[in-house]
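The values are calculated or read from the model by the stated rules, or taken from the named source; none is laboratory data. All values reported here derive from a predicted model rather than from experimental measurement. Neighbour counts are summed over all protein chains in view; Cβ atoms, including those assigned to glycine, are modelled from backbone coordinates with ideal geometry. Only protein heavy atoms, including side chains, enter the accessible area calculation; ligands, DNA and RNA are left aside. Shrake-Rupley method; radii C 1.70, N 1.55, O 1.52, S 1.80 Å.
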Amino acid sequence: MSQYNPQQIEKKWQNIWKEQKAFEPEESFEKEKMYVLSMFPYPSGRIHMGHVRNYTIGDAIARHYRKAGYNVLHPIGWDAFGMPAENAAIKHKVHPKKWTYENIDYMRKELDSLGLSFSQDREFATCDPLYSKWEQKFIIDMWNKGLLYRKKASVNWCPHDKTVLANEQVIEGRCWRCDTEVVQREIEQYFLKITDYAEELLQDLDKLEGKWPSQVLAMQRNWIGKSEGLEFVMKLDSPSAQKAGAEGFEVFTTRPDTIYGVTYAALAPEHPIVKHLIETKALDEEKIERIKRMQNQNAKERQQAEKEGLFLELYALHPLTGQKIPVWVANFVLMEYGSGAVMAVPAHDERDFEFAKKYGLPIKYVIKPKTGELDTSKAYTEPGILFDSGKFSGMRSEEAKRAIIDYFEKEGLGRRAVNYRLKDWLVSRQRYWGTPIPLVKCQSCGIVPETDLPVTLPEDIEITGEGNPLELHPTWKKTRCPKCGGEAERETDTLDTFVESSWYFLRYTTPRKYWEEVPFRKEDSDYWMPVDQYIGGIEHAILHLLYSRFFTKVLRDMGYVSIDEPFERLLTQGMVLKDGAKMSKSKGNTVDPDAIVQKYGADTARLFILFAAPPQKELEWSDSAVEGAYRFIKRFYERSFNAKPLKELPKFGDLSKEEKEARKKVYEALKKSQEVYAKSFAFNTLIAAAMEALNALNAQNNEEVWSEGYWVLSNILEPIIPHVSHEIADRLFGRANFAPILVDEGALEEESVTLAVTINGKRRCEIEVPKEASKEEVLEVAKEAAKKWIEGKEIVKEIVVPGRLVNLVVKG
RNA sequence: GCCGGGGUGGUGAAACUGGUAGACACGCGAGACUCAAAAUCUCGUGGGCAUUUGCCCGUGUGGGUUCGAGUCCCACCCCCGGCACCA
């Protein structure tokens with residue numbers, strides 16, 4: 001017998017796996033496939049415990065299915081573009097490319113040390129030009145389809161550094177680098193029309209029901225934010241129309257039933273009518289000044305600000321009554337939602353109510369509760385019965401909504417409409433370290449797609465944090481128009497890094513040797529997609545997953561893939577905590593994965609992380625529990641010398657009670673393992689079952705029972721603690737046991753069963769009866785055993801739950 | 001505020017479609033081995049009462065359904081995550 005030496009065993013097996021290329025998927029499409037994917041990491045420099053958890057979970061699943069005979073795709077890559085590389089460049093004067101690839105090399109070694117079964121062939125970084133090439137192709141396709149378009153949008157602008165700032169670079173309204181006050185500046189940006197897919201993105205969530213966490217589905221539904229209602233034009237009276245330079249303005253409401261309660265209208269500060277009034281100086285200086293101040297607030301500030309507005313000296317006409325109603329501008333009306341204008345019903349909307357109170361605007365109730373009194377000290381926002389609403393009076397809200405919309409449609413006043421909270425996806429970034437947008441600006445042809453892909457980044461740049469390096473580069477942006485051959489300029493914006501992560505899972509489906517010719521082969525994606533099991537942090541529940549779903553649908557419509565949804569099943573893992581808080585450098589409560597691997601080995605790290613909590617839950621780090629995991633593996637290894645080598649499973653004759661118990665626990669663990677991968681991923685319970693089995697094996701000394709136990713246990717523990725499992729299984733069985741094992745139902749059977757006896761539901765004692773005992777026999781034994789509790793009492797009911805308990809209901 | 005998910009020993013957690021609450025670990029206590037310690041092994045470990053056989057209480061709180069509730073229903077409290085002036 002030898003000592004457990006994790007360093008030696010782990011190194012040995014990692015080398016063997018590497019040499020044998022043990023984790024490459026087969027290129028043929030014959031076997032049943034299993035695509036297991038953990039979200040790829042950003043190469044920040046070192047891995048952290050969150051990564052260890054994510055990749056250990058994915059690895060266990062991948063190894064399980066590989067062992068079960070599936071063709072498994074379990075790839076890894078690097079989400080390699082993004083701001084931290086530029087920040088490092090500013091701080092340490094190191095080129096983003098160098099920094100990124102060095103980090104990747106280091107982190108790859110760290111991941112390797114954990115014994116993760118990734119395909120080596122299919123690894124890539126999203127900053128590889130070969131990846132950009134195809135991303136740029138997609139972007140051009142989308143441009144040609146009109147899915148990518150340009151529109152002005154406001155950005156955070158630092159006047160000192162002459163650069164656009166991301167929200168996280170704005171600290172209390174000031175630039176993170178130079179502390180200059182940040183201003184909002186409108187520039188031309190690129191958007192992807194995700195709103196074209198809003199309805200499908202919403203509908204298809206139903207297909208994921210039961211396969212994705214309900215929480216994530218709910219978050220996506222909220223984010224898309226569908227609402228149905230009435231859309232109509234509020235006409236301005238003629239003097240107002242002249243002043244406003246418009247006949248009227250469009251409004252949207254989800255409460256057409258409250259339309260007779262409209263007492264004013266409100267426009268967003270950015271509304272075209274408001275802009276027109278300012279340009280034509282139709283309002284006095286002071287009012288213009290106040291509107292401009294509202295416009296200058298960014299979204300966050302405006303949210304926190306108090307409701308504010310002013311009368312625009314315009315009157316609109318109520319669409320049904322023709323009454324004149326005042327038009328205001330209000331800071332709580334959002335230009336991005338609906339049409340940037342609302343019909344205000346203060347009696348039945350809290351915001352409108354608050355605003356009306358502040359400015360003394362009339363409040364007119366038109367809905368009353370079905371029962372009880374109307375409280376006129378606040379807005380009544382519930383549905384109810386209409387009154388003072390013309391011919392619609394007396395209707396209930398639901399009915400009135402339909403009737404009023406129908407009436408508007410019939411009279412040509414407005415239409416039934418749907419609105420989404422979801423906005424188009426702003427994909428352009430004024431940064432260096434990203435995928436260049438492959439478009440060229442030509443004086444005579446306008447914006448023209450590049451034909452020679454990929455458009456690569458220039459490397460001779462300096463990143464200082466001032467200005468945009470692509471803009472400042474002396475020659476890079478000078479080019480020829482692909483259409484007319486004349487002088488032209490390249491687009492200097494790069495793409496949001498969420499674009500890269502929106503299709504990386506498709507790239508993996510195709511072997512590296514085709515990467516030059518195609519983004520991925522259709523036959524490969526048809527075989528491998530969708531991803532069968534996706535694993536990642538809940539923090540990506542909305543954006544990454546929504547963008548990936550959108551991208552998949554667009555690629556489908558462009559003929560690249562045949563699926564509607566990219567991720568069949570989703571598992572969102574919980575955070576890793578220490579001392580009750582998320583591990584972070586600033587809190588100083590991090591645990592370095594490398595140190596754990598060095599001290600205890602990768603198997604211990606993996607076992608602890610899967611044992612300490614179910615994957616979906618938060619995991620509290622515990623040094624002593626890590627020790628416990630190490631001790632288990634040590635026992636598992638050392639006791640393996642109680643087993644003798646086998647070529648196949650032995651047959652058993654008569655066995656002692658302990659021997660039978662050991663076999664039973666072993667097969668219970670096997671059964672548990674099958675359940676865990678099929679449903680819950682509760683690795684903690686699978687590990688507990690394996691521990692019970694090892695404890696039971698240790699309570700007997702039949703060498704063949706030991707051998708059978710290790711045949712099964714080293715199989716089911718292989719996904720979790722692969723190195724030691726391979727070591728043991730190789731020595732004892734030549735790894736012949738790494739194949740599906742049937743549960744020996746005979747080992748699970750028992751001749752007698754223990755039943756609890758409860759009197760009036762209260763547990764009193766236990767009885768042991770033969771397995772086949774009839775109900776009458778069981779009751780007889782139970783009554784005898786429970787004699788002292790039922791003596792002199794009347795039994796009014798007898799309940800026997802087979803294999804569980806007996807309940808006697810007594811009276812007196 | 002709205003939408004999700006949770007509250008079980010000293011700790012991390014188990015408990016299948018209502019059926020012996022606390023599996024498996026960590027920690028702690030006792031013992032064995034040892035000159036001693038570490039390591040390892042064995043036993044014990046929800047709380048309270050009791051000399052023992054035992055008895056009572058116990059899954060956030062209060063009600064309910066049921067022979068039987070951690071599990072189902074109603075009301076409430078607390079914690080976590082997300083969204084939030086979305087008309």
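Of note:
- Among all residues of the range A:8-17, there is none that is open to solvent by less than 30 Å² (accessible area, probe 1.4 Å) and either within 30 Å of A:TRP433 (Cβ to Cβ) or assigned to a loop (DSSP other than H, G, I, E, B) (or both).
- Tally of residues being open to solvent by 70 Å² or more (accessible area, probe 1.4 Å) and over 17 Å from A:GLY261 (Cβ atoms) across the range A:316-368: 4
- Among the residues of the range A:626-650, those identified as open to solvent by less than 40 Å² (accessible area, probe 1.4 Å) and either of a type in the set (Val, Ile, Thr) or near RNA strand B (Cβ under 9 Å from one of its atoms) (or both) are A:VAL626, A:GLY628, A:ALA629, A:PHE632, A:ILE633, A:GLU638.
- Flag not set for A:TYR677, criterion: among the hydroxyl-bearing types (Ser, Thr, Tyr) and within 11 Å of RNA strand B (Cβ to nearest atom).
- Qualifying residue in the range A:601-620 (condition: open to solvent by 30 Å² or more (accessible area, probe 1.4 Å) and assigned to a strand (DSSP E or B)): yes
- The C-beta contact set for the range A:155-182 (first residue in a loop (DSSP other than H, G, I, E, B), second residue of a type in the set (A, V, I, L, M), distance under 8 angstrom, 6+ apart or interchain) comprises A:PRO159/A:VAL183; A:ALA166/A:MET83; A:GLY173/A:VAL182; A:TRP176/A:LEU165; A:TRP176/A:VAL170; A:ARG177/A:ILE90; A:VAL182/A:LEU165; A:VAL182/A:VAL170.
- Some residue of the range A:421-439 being within 29 Å of A:THR263 (Cα to Cα) and open to solvent by 50 Å² or more (accessible area, probe 1.4 Å): yes
- Remark: pairs (first residue in the range A:359-371, within 11 Å of A:PHE387 (Cα to Cα); second residue in a loop (DSSP other than H, G, I, E, B) and of a type in the set (Val, Ile, Thr); Cβ separation under 6 Å; 6+ apart in sequence or on different chains) = A:LYS364/A:THR263.
- On the stretch given as the range A:502-516, residues that are assigned to a loop (DSSP other than H, G, I, E, B), open to solvent by less than 10 Å² (accessible area, probe 1.4 Å) and not aromatic (Phe, Trp, Tyr) total 4.
- Note on the range A:86-111: among residues that are at pLDDT below 95 and in a helix (DSSP H, G or I), the one that is most open to solvent (accessible area, probe 1.4 Å) is A:LYS91.
- Qualifying residue in the range A:541-549 (condition: without any contact (Cβ under 8 Å) to a residue 60 or more places away in the chain, under 22 Å from the mean Cα position of the chain (by Cα) and part of a loop (DSSP other than H, G, I, E, B)): no
- Among residues of the range A:200-227, those that are part of a helix (DSSP H, G or I) and more than 6 Å from RNA strand B (Cβ to nearest atom), counted: 15
Results for (1) at pLDDT 90 or above; (2) farther than 22 Å from A:SER339 by Cβ; (3) over 30 Å from the mean Cα position of the chain (by Cα), shown as yes or no for each residue.
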| position | (1), (2), (3) |
| --- | --- |
| A:PHE387 | yes, yes, yes |
| A:LYS391 | yes, yes, yes |
| A:ILE404 | yes, no, yes |
| A:GLU411 | yes, no, yes |
| A:SER428 | yes, yes, no |
| A:THR435 | yes, yes, no |
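- Scanning the range A:371-405 for residues that are charged (D, E, K, R), in a helix (DSSP H, G or I) and surrounded by 13 or more Cβ atoms within 10 Å (Cβ to Cβ) yields A:GLU399, A:LYS401, A:ARG402.
- Put simply, of A:ASN684, A:ASN695 the only residue that is assigned by TED's automatic domain parsing to the domain that holds A:VAL743, of a type outside the set (A, V, I, L, M), touching a residue at least 24 places away in the same chain (Cβ under 8 Å) and out of contact with any Pro (no Cβ under 7 Å at 6 or more places or on another chain) is A:ASN695.
- Criterion: in a loop (DSSP other than H, G, I, E, B) and either within 13 Å of RNA strand B (Cβ to nearest atom) or open to solvent by 60 Å² or more (accessible area, probe 1.4 Å) (or both) - qualifying residue of A:LYS672, A:LYS587: A:LYS587
- Residues of the range A:753-777 classified as open to solvent by less than 40 Å² (accessible area, probe 1.4 Å), within 13 Å of RNA strand B (Cβ to nearest atom) and out of contact with any Lys or Arg (no Cβ under 6 Å at 6 or more places or on another chain), total: 6
- Unique residue being within 26 Å of the chain's Cα centre (by Cα) and in a strand (DSSP E or B) when the list is A:TYR190, A:TYR131: A:TYR190
- Among residues of the range A:752-765 that are outside any strand (DSSP E or B), those with a beta-carbon under 8 Å from a residue that is among the β-branched types (Val, Ile, Thr) and within 6 Å of RNA strand B (Cβ to nearest atom) at least six positions away or on a different chain give the pairs A:ASN760/A:VAL809.
- The single residue among A:ARG351, A:ARG290, A:ARG302 that is away from RNA strand B (no atom under 14 Å from the Cβ) and in a helix (DSSP H, G or I) turns out to be A:ARG290.
- Long-range neighbours under 9 Å by Cβ, at least six apart or interchain, first residue more than 28 Å from A:ILE447 (Cβ to Cβ) within the range A:187-205, second among the β-branched types (Val, Ile, Thr): A:GLU199/A:ILE224; A:GLU199/A:VAL418; A:LEU202/A:ILE224; A:LEU205/A:ILE224
- Residue match in the range A:38-60 (condition: open to solvent by 30 Å² or more (accessible area, probe 1.4 Å) and among the aromatic types (Phe, Trp, Tyr)): yes
- Of all residues in the range A:792-812 being more than 12 Å from A:ILE759 (Cα to Cα) and over 51 Å from the mean Cα position of the chain (by Cα), the one that is modelled with the lowest pLDDT: A:GLY812
- Test: residue in the range A:323-334 that is more than 13 Å from RNA strand B (Cβ to nearest atom), of a type in the set (A, V, I, L, M, F, W, C) and over 34 Å from the mean Cα position of the chain (by Cα): yes
- Test: residue in the range A:678-697 that is at pLDDT 95 or above, in contact with a Ser or Thr (Cβ under 7 Å, 6 or more places away or on another chain) and open to solvent by less than 10 Å² (accessible area, probe 1.4 Å): yes
- Selected residue [crowded, with 18+ Cβ neighbours inside 10 Å, closer than 23 Å to A:GLU638 by Cβ, more than 13 Å from RNA strand B (Cβ to nearest atom) and at pLDDT below 95] from A:GLU704, A:GLU718, A:GLU659: A:GLU659
- Filter result for A:LYS671 (under 32 Å from the mean Cα position of the chain (by Cα), assigned by TED's automatic domain parsing to the domain that holds A:ASN698 and either under 23 Å from A:TYR55 (Cα atoms) or not β-branched (Val, Ile, Thr) (or both)): yes
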